[in-house]
Amino acid sequence: MDKNIAEGLMNSTICLGSQAPEFRVPGVSGSLTALSDLISTGPVLLIFYPADFGWICRGEVMEFQERMADFQGIGVQLVGISTDSVMSHGLWSEQLHISYPLLSDRDGTLSASYGVMDLDLSSFNQGRCKRALFLVDREAIVRFIWITEDQWQNPDADRVLAHCARSLQCSRSTATKDLRIVEGLQRYEVEQFETAP
């Protein structure tokens with residue numbers, strides 16, 4: 001096993017509310033894409049899938065392509081990630097008319113850092129990423145996670161869309177409440193300071 005992948009898996013503790021690991025990997029054009037660049041324009045749904053040109057993966061990326069406007073409607077960008085090469089991604093996205101970015105995690109370190117590298121020796125997808133989704137908000141906080149051990153199971157885009165909408169609404173609501181609490185404490189401190197003898 002590659003040392004970087006092993007370290008990534010051992011250090012991966014991604015859970016709801018945790019900081020998403022930063023990455024910088026090539027897209028179809030060959031230029032590097034960083035998570036920080038993606039989230040600077042809004043929340044992003046990272047779609048990990050095992051391989052280009054597989055019929056199950058094809059169904060998954062096509063379903064998200066068909067629902068892209070719905071995700072954009074709630075302010076979420078879509079980004080596909082697999083361990084396939086930039087060239088493979090380019091051919092596949094052209095063939096399927098995929099308009100959202102496909103990123104190449106060729107060495108598997110990105111998948112390992114998110115805890116979704118399949119290292120099961122009995123698995124058909126051993127050495128590839130598992131099928132998984134991570135919604136990352138503008139502050140790089142993970143707001144939704146879906147991971148399956150069943151390589152034949154695709155996520156239900158309707159349910160994912162609903163969960164994303166709810167997760168983002170909750171995070172906005174929590175941020176507003178936190179801001180009100182901070183503002184209230186600041187007013188209290190000012191009032192206490194001004195009325196102190």
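Data overview
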item	result
Looking only at the stretch 136-154, and only at residues there that are assigned to a loop (DSSP other than H, G, I, E, B) and at pLDDT 90 or above, the one that is nearest to Ser111 (Cα to Cα)	Ala140
Some residue of the stretch 116-125 being farther than 20 Å from Gln19 by Cα, assigned to a strand (DSSP E or B) and without any contact (Cβ under 8 Å) to a residue 60 or more places away in the chain	no
Any chance Met68 is surrounded by fewer than 18 Cβ atoms within 10 Å (Cβ to Cβ) and in contact with a strand residue (DSSP E or B) (Cβ under 7 Å, 6 or more places away or on another chain)	yes
Any hit, the stretch 118-125, residues being aromatic (Phe, Trp, Tyr), modelled with pLDDT under 95 and crowded, with 19+ Cβ neighbours inside 10 Å	no
Residues that are closer than 21 Å to Asp158 by Cα and either in contact with a Phe, Trp or Tyr (Cβ under 8 Å, 6 or more places away or on another chain) or loosely packed, with under 14 Cβ neighbours inside 10 Å (or both), drawn from the stretch 34-61	Leu45, Leu46, Ile47, Phe48, Trp55, Ile56, Cys57, Gly59, Glu60, Val61
Criterion violated by Val25 - all others in (1) modelled with pLDDT of 95 or more; (2) among the β-branched types (Val, Ile, Thr); (3) buried (at least 19 other Cβ atoms within 10 Å of the Cβ) satisfied	(3)
Test: residue in the stretch 45-62 that is out of contact with any Ser or Thr (no Cβ under 8 Å at 6 or more places or on another chain) and more than 20 Å from Gln151 (Cα to Cα)	no
Single residue of Gly30, Gly80 found to be small (Gly, Ala, Ser) and at negative phi	Gly80
Set Leu110, Leu103, Leu91: member being at pLDDT 90 or above, outside any loop (DSSP other than H, G, I, E, B), farther than 13 Å from Val25 by Cα and among the hydrophobic types (A, V, I, L, M, F, W, C)	Leu91
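Listed here are the residues, each with its yes/no results for (1) loosely packed, with under 15 Cβ neighbours inside 10 Å; (2) within 21 Å of Thr41 (Cβ to Cβ); (3) without any contact (Cβ under 8 Å) to a residue 60 or more places away in the chain.
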| residue | (1), (2), (3) |
| --- | --- |
| Gln77 | no, yes, yes |
| Ser88 | no, no, yes |
| Trp92 | no, no, yes |
| Leu133 | no, yes, no |
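The values are calculated or read from the model by the stated rules, or taken from the named source; none is laboratory data. Bear in mind the structure is a predicted one, so any value in this text is a computation, not a measurement. FYI the Cβ positions are ideal-geometry reconstructions off the backbone, even for glycines, and counts take in every protein chain you see.
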